[in-house]
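Trainee: One structure follows; several queries about it will come next.
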Amino acid sequence: MTPPQGTLPPSRTYDEVAVGDVLPELPVPVTRTLIVATALASRDYQDVHHDPELARERGSKDIFMNILTSNGLVDRYVTGWAGPASVVKAIRIRLGAPNHPGDTMVLTGTVTAKNDGDRRVDIAVKGTNGLGAHVTGTVSVQLPGEAR
């Protein structure tokens, strides 16, 4: 159900979440525009993120996504699941296989821990593409204690 225009969607509460919960998959089409635009938006002017010829000269098959974009997509994935009242406390990621144009990265996640003291939930996140694991890591998010 979509909330009425001008209202925020509901947030998950700490009590609604259990260790072992699986987040829904999020496919992210990796387009040339996404790679170039997000590299520029994050002020990453490295040629491997926008110039296919120079990327190939440096050993890549094409341009590839930068880590700031991958980090942002992981953040968006978890906060999209957790809701607008959630607060990201930490993101720890590691990159693997590059994201090239024309591929799709599929983000998945599982709740791995809960901390009752500050209502913090840890989520193991993985983003895979046709080459394998692009990004792996953990996101810690604080959830509200009761429905908002």
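The values are calculated or read from the model by the stated rules, or taken from the named source; none is laboratory data. As the structure is a prediction and not an experimental result, all values here were calculated from the model. For neighbour counting, all protein chains shown are included, and Cβ atoms are generated from backbone atoms with ideal geometry for every residue, glycine included. Surface accessibility is based on the protein's heavy atoms, side chains included, excluding ligands, DNA and RNA. Shrake-Rupley method; radii C 1.70, N 1.55, O 1.52, S 1.80 Å.
Trainee: Any chance you could run the full-extension gain for residue 61 through residue 19? It's 0.36 nm times the residue separation minus the Cα-Cα distance, nm to one decimal.
Mentor: Contour length minus Cα-Cα distance gives 11.2 nm.
Trainee: Rounded to the nearest 500 deg cm²/dmol, what is the calculated helix-only ellipticity per residue at 222 nm for the chain, with -39500 (n - 2.57) per DSSP H run of length n ≥ 4?
Mentor: -6500 deg cm²/dmol
Trainee: Any idea of the accessible area per residue across the chain, 1.4 Å probe, to the nearest Å²?
Mentor: 56 Å²
Trainee: Counting only residues 5 or more places away or on other chains, whose amide H sits under 5 Å from the amide H of residue 104 once H atoms are built in the peptide plane?
Mentor: 30, 130
Trainee: Let me ask another. So, R0 is 22 Å and r is the distance between the beta-carbons of residue 40 and residue 76; what FRET efficiency does that work out to, to 0.05?
Mentor: After rounding, the FRET efficiency stands at 0.75.
Trainee: Once the whole set of protein chains is in place, how much accessible area is left on residue 38, using a 1.4 Å probe, in Å² to the nearest 10?
Mentor: The accessible area of residue 38 comes to roughly 40 Å².
Trainee: Let me ask something additional. Starting from the Cα of residue 61, draw a straight line to each of the aspartates and glutamates and keep only those under 12 Å, dropping any in the same chain fewer than 8 residues away.
Mentor: The qualifying aspartates and glutamates are 51, 53.
Trainee: For the range 52-82, state which trypsin sites (Lys or Arg not before Pro) are in a DSSP loop and have at most 15 other beta carbons lying within 10 Å of their beta carbon.
Mentor: Taking the range 52-82 and a limit of 15 other Cβ atoms within 10 Å, the loop trypsin sites (Lys or Arg not before Pro) found are 58, 61.
Trainee: Here's a follow-up. Probe 1.4 Å, all protein chains in place: accessible area of residue 50 in Å², nearest 10?
Mentor: Solvent-accessible area, nearest 10 Å²: 80 Å².
Trainee: Quote to one decimal, in nm, the extra length available between residue 53 and residue 108 on full extension: 0.36 nm per residue of separation minus the C-alpha distance between them.
Mentor: Contour length minus Cα-Cα distance gives 16.6 nm.
Trainee: Right, something else. Give, rounded to the nearest 20 debye, the magnitude of the charge dipole that the chain has about its Cα centre when Lys and Arg contribute +1 at Cβ and Asp and Glu contribute -1 at Cβ.
Mentor: I would put it at about 140 debye.
Trainee: Measure off, as a whole percent, the carbon and sulfur share of the 1.4 Å-probe accessible area of the chain, all protein chains present.
Mentor: Carbon plus sulfur share of accessible area: 52 percent.
Trainee: How far is helix 67-82 tilted, in degrees, relative to the longest principal axis of the Cα atoms in the chain, given as a value from 0 to 90 rounded to the nearest 10?
Mentor: With both axes taken from Cα atoms, the answer is about 20 degrees.
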